[in-house]
Amino acid sequence: MAKAVGVGGIFLKAQDPAALSAWYASHLGIPTQDGGVLAFDGPESTGMTILSHFPKDSDYFGDPGQQCMVNFRVDDMDALLAQLAAAGVRIDPKREDHEYGRFAWIWDIEGNRIELWQPPKAE
C-alpha cells in the first residue's frame, strides 16, 4: 500500500515572509537558505523537512482563507493517487514535475488543501 512517509514541509502565509523567516532563524535556530526558505535535516532518513513562508495574498494554498498547508512526503505518487481516487478523495488534476520532485494536491474532508511530494529517487 502506498502511504505518506513523512512531512515534507509546512507552509504558512505571512504579512512579511522575510521577517517571519528571519524570526524563525533567529529565535529557533532554523537555518535560512535560498532567500528565506528555512530548512533543517529532520529525523526522516528520506530527506529534509521544509518550513517556508508565503505572501499573505498567495493563492498557492487554494482557498484564500486557508492559512497554512501541510506537505506530505510520499513514496509512490501514482499508486497513492490511484488509491485516493478509488476512495473518492477530491484530487486536483494539476501535477508538477521538477528536478526536486513530483507534486500533486488533494483536499481533506474539511476542505483543507494538502500537498503531496515525491522526492526524486537518490542515485
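The values are calculated or read from the model by the stated rules, or taken from the named source; none is laboratory data. This is a predicted model, so every value here is computed, not measured. Neighbour counts are summed over all protein chains in view; Cβ atoms, including those assigned to glycine, are modelled from backbone coordinates with ideal geometry. Ligands, DNA and RNA are stripped out before the accessible areas are found, and what is left, the full protein with its side chains, is counted by its heavy atoms. Shrake-Rupley method; radii C 1.70, N 1.55, O 1.52, S 1.80 Å.
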In degrees, nearest ten, helix 77-86 long axis to first principal axis of the chain (Cα): 60
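At a Förster radius of 30 Å, what calculated FRET efficiency corresponds to the Cβ-Cβ distance of Glu96 and Gln33, to the nearest 0.05?
Computed FRET efficiency for Glu96 and Gln33: 0.90.
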Choice from Gly101, Gly111, Gly88 with maximal GNM fluctuation in the chain (Cα, 10 Å cutoff): Gly88
Listed candidates (i) 0.98; (ii) 1.02; (iii) 1.33 - label of the one calculated as Rg/Rh (Cα atoms, Kirkwood Rh): (i)
Most mobile listed residue (Asp34, Asp97, Asp57) in the chain, GNM with C-alpha springs under 10 Å: Asp34
FRET E, pair Ile109, Gln15, Förster distance 30 Å, beta-carbon r, rounded to 0.05: 0.50
Helical mean residue ellipticity (222 nm; -39500 (n - 2.57) per DSSP H run of 4+; nearest 500) of the chain: -5500 deg cm²/dmol
Listed residues Trp23, Trp107 arranged by accessible area, highest first, probe 1.4 Å: Trp23, Trp107
Volume per residue that the Cα convex hull of region 82-122 spans, once the total is divided by residue count, Å³: 73
